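Peer 1: The structure follows.
The values are calculated or read from the model by the stated rules, or taken from the named source; none is laboratory data. Since the structure is predicted, the reported quantities are computational estimates derived from the model, not experimental observations. Ideal geometry is used to build each Cβ from the backbone, glycine not excepted, and the neighbour counts take in all protein chains shown.
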Amino acid sequence: MEMRKLEIAKRASMKLLAQAMWYREHCGGSFVSTLMETIFDDLDALCQTPTIGRVYTIKGKHDYRSFVSRRKCIIKYWYTGKSLYVVDFVFTNVNH
């Protein structure tokens with residue numbers, strides 16, 4: 001089976017960038033690198049096995065799921081056979 005294509009909504013992308021910028025300023029670059037590597041490793045796993053996330057709502061024909069990325073971030077998404085659509089990143093320790 002071909003791997004799903006990753007699609008990240010602009011709003012979600014902006015939230016991830018804002019959080020990374022805050023961490024860079026307050027925690028340093030190595031912390032940001034580790035955080036981003038962890039999130040993208042988890043996104044890769046979700047592209048391969050999207051059913052590991054928990055269904056939190058159903059809208060139309062999509063089951064919206066959430067997955068906790070190492071207790072730092074909740075990834076909210078839905079998927080098809082060809083793509084995984086990230087709709088939000090919810091950071092568990094909001095610092096800004």
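Peer 1: Just the residues that are surrounded by 13 or more Cβ atoms within 10 Å (Cβ to Cβ), out of contact with any Asp or Glu (no Cβ under 6 Å at 6 or more places or on another chain), more than 21 Å from Glu2 (Cα to Cα) and of a type in the set (Gly, Ala, Ser), please, taken from the range 36-81.
Peer 2: Ser66
Peer 1: Taking Leu84 as meeting all but one of (1) out of contact with any Phe, Trp or Tyr (no Cβ under 7 Å at 6 or more places or on another chain); (2) surrounded by 14 or more Cβ atoms within 10 Å (Cβ to Cβ); (3) aliphatic (A, V, I, L, M), write down the number of the exception.
Peer 2: Single failed check for Leu84: (1).
Peer 1: Another question, then. List pairs: first residue in the range 12-40 and modelled with pLDDT under 90, second residue among the polar types (S, T, N, Q) anywhere in the structure, Cβ distance under 6 angstrom, at least six positions apart or on different chains.
Peer 2: Matching pairs, first to second residue: none at all.
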